[in-house]
Amino acid sequence: MTEPLLSPLHERHVALGARFAEFAGWSMPLQYAGVVAEHKAVRTGVGIFDVSHLGNARVSGPGARAFVNACLTNDLGRIAPGQAQYTLCCDEAGGVVDDLIAYLVSDDEVMLIPNAANTAEVVRRLAEAAPAGVIVANEHTDYAIVAVQGPSSDAVLGALGIAADFDYMQFRPAVLDGRALTVCRTGYTGERGYELVCRAEDAPAVWDAVMAAGQAHGIAPCGLGARDTLRTEMGYALHGHELSLDIDPVTAGVGWAVGWDKPSFWGADALRALRAQGTPLRSRAIKAADRAIPRPGMECVDDAGAVIGRVTSGTFSPTLEAGIGLALLPPDYTPGGTVGVRVRRSVETFSVEKAPLVTGSVR
């Protein structure tokens, strides 16, 4: 059995009393003070996350941007250098190999942040397709990522001497105590925030600096448990749940991340056909009418008890103090309606909602 990988910040988490869980082959902090407390810290103030398990890849060489644009779904022609874009790597059937963020450095360089478990496959596919002169490098363990999330994140960056005056999905180079950073106005919590990409060996010093700068603002170390409750409240898709080789972007409700008018991208023909004909299921947000908490894999049923879909993500919402989730349901199950969810031996009523269930300060 392969031992899980450790973050460059592992010793910091141990010292803070973190509880760990294995995630995508990495041992990562699940929680410190508790998921609810950490969740509320991000919603009301500021939290710091170690997300160094996320992948890092670089595509460089003449025409790197054009090459990536011909592979991934979104249209890199819509953004300028210094901007980032949510996009998808699909197979020819329209299934989602991974969802990721593309950071456009220049026409000849694109930085990619894939999900941990899928980095090697995304890099493999791009490397096999790359034309002569374009290099696709897997830099997964070369870099670490520290996320600073919450309404007070600007103040924390200001205390570090980093001007937090750029827009959502923009990024800039910065220097912190002589250490090079890429500061990205991105995140997975639904709140205003930043992700600091640094060399793996610099991560402990960067973490310590952020923690020190955040003390005056009540900064809280946060684990993947709070990250999941926050993203579910926002209705953000998680690969392996709302997206997979069996769940295409149209079904998942992320067709907005597809450059439909581009000449080509992986899975273009299949996705255009799905868009034209419609899909039998669509991802919807759901909220418990009572005290039930949905969990992934639970069956969704109609009034007659027939199975019509399934829950893909489910949790307790600390903000709404109710069970919430994301579910694949027939298209006619629209916000304002209800659906049954089989929770253990009973069928519980859930309202069908429009995501986000909680509106954060992300923009």
Would you work out if the stretch 280-363 is rounded, prolate or oblate? Take a ≥ b ≥ c from the square roots of the eigenvalues of the alpha-carbon gyration tensor; rounded if a/c is under 1.5, else prolate when a/b is larger than b/c, oblate otherwise. oblate
Quick shape check on the stretch 136-237: root eigenvalues a ≥ b ≥ c of the Cα gyration tensor, a/c under 1.5 is rounded, otherwise prolate if a/b tops b/c, else oblate, and it reads rounded
Among rounded, prolate and oblate, which fits the stretch 213-363 when a ≥ b ≥ c are the square roots of the eigenvalues of its C-alpha gyration tensor, a/c under 1.5 means rounded, and a/b larger than b/c means prolate? oblate
Cβ under 10 Å from Pro221's Cβ, Pro221 left aside: what net charge do those residues give with Lys, Arg +1 and Asp, Glu -1? -1
What are the ³J(HN,Hα) values, in whole Hz, obtained from phi via the Karplus relation 6.51 cos²θ - 1.76 cosθ + 1.60 with θ = phi - 60°, for each residue of the stretch 64-76 in sequence order, with x given for Gly and Pro? 4, 4, 4, 5, 4, 5, 7, 10, 7, 6, 6, 9, 5
Loop only by DSSP, 10 or fewer other Cβ within 10 Å of the Cβ. Give me the trypsin sites (Lys or Arg not before Pro) in the stretch 274-358 that pass, ordered by residue number. Arg344, Arg345
Given the DSSP H assignment, sum -39500 (n - 2.57) over each helix run of at least 4 residues in the chain and divide by its residue total; what's the result at 222 nm in deg cm²/dmol, nearest 500? -6000 deg cm²/dmol
Rounded to the nearest 0.05, what FRET efficiency is calculated for Leu245 and Ser346 with R0 set to 30 Å and r the Cβ-Cβ distance? 0.40
Could you please state, rounded to a whole Å, how far the C-alpha centre of the stretch 37-56 is from the C-alpha centre of the stretch 253-283? 32 Å
Neighbour-count ranking for Asp167, Asp99, Asp202 (other C-beta within 10 angstrom, fewest to most) reads Asp167, Asp202, Asp99
Can you tell me the length gained on complete extension of the stretch Phe166 to Val307, counting 0.36 nm per residue apart and subtracting the Cα distance? 46.1 nm
Residues meeting the amide H criterion for Arg282 (H placed from the backbone, H to H distance under 5 Å, 5 or more places apart or on another chain) are Leu329
I want to check the label-to-label distance for Lys354 and Glu139. Put each point 7 Å from Cα in the C-beta direction and report it in nm to one decimal. 4.0 nm
In nm, to one decimal, how far is the modelled label at Ala15 from the one at Ser264, with both set 7 Å along Cα→Cβ? 5.2 nm
Whats the longest run of the chain with zero chymotrypsin sites (Phe, Trp or Tyr not before Pro) that are DSSP loop and have at most 16 other Cβ atoms within 10 Å? 1-165
With x for Gly and Pro, the residue-by-residue ³J(HN,Hα) of the stretch 24-35, computed from phi through the Karplus equation 6.51 cos²θ - 1.76 cosθ + 1.60 at θ = phi - 60° and given in whole Hz, is 6, x, 10, 8, 10, x, 8, 6, 10, 7, x, 4
I want to check the label-to-label distance for Leu6 and Ala80. Put each point 7 Å from Cα in the C-beta direction and report it in nm to one decimal. 4.5 nm
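The numbers here are math on the coordinates, done by the rules we state, and not lab data. Note that this is a predicted model, so its numbers are computed, not measured. Ideal geometry is used to build each Cβ from the backbone, glycine not excepted, and the neighbour counts take in all protein chains shown.
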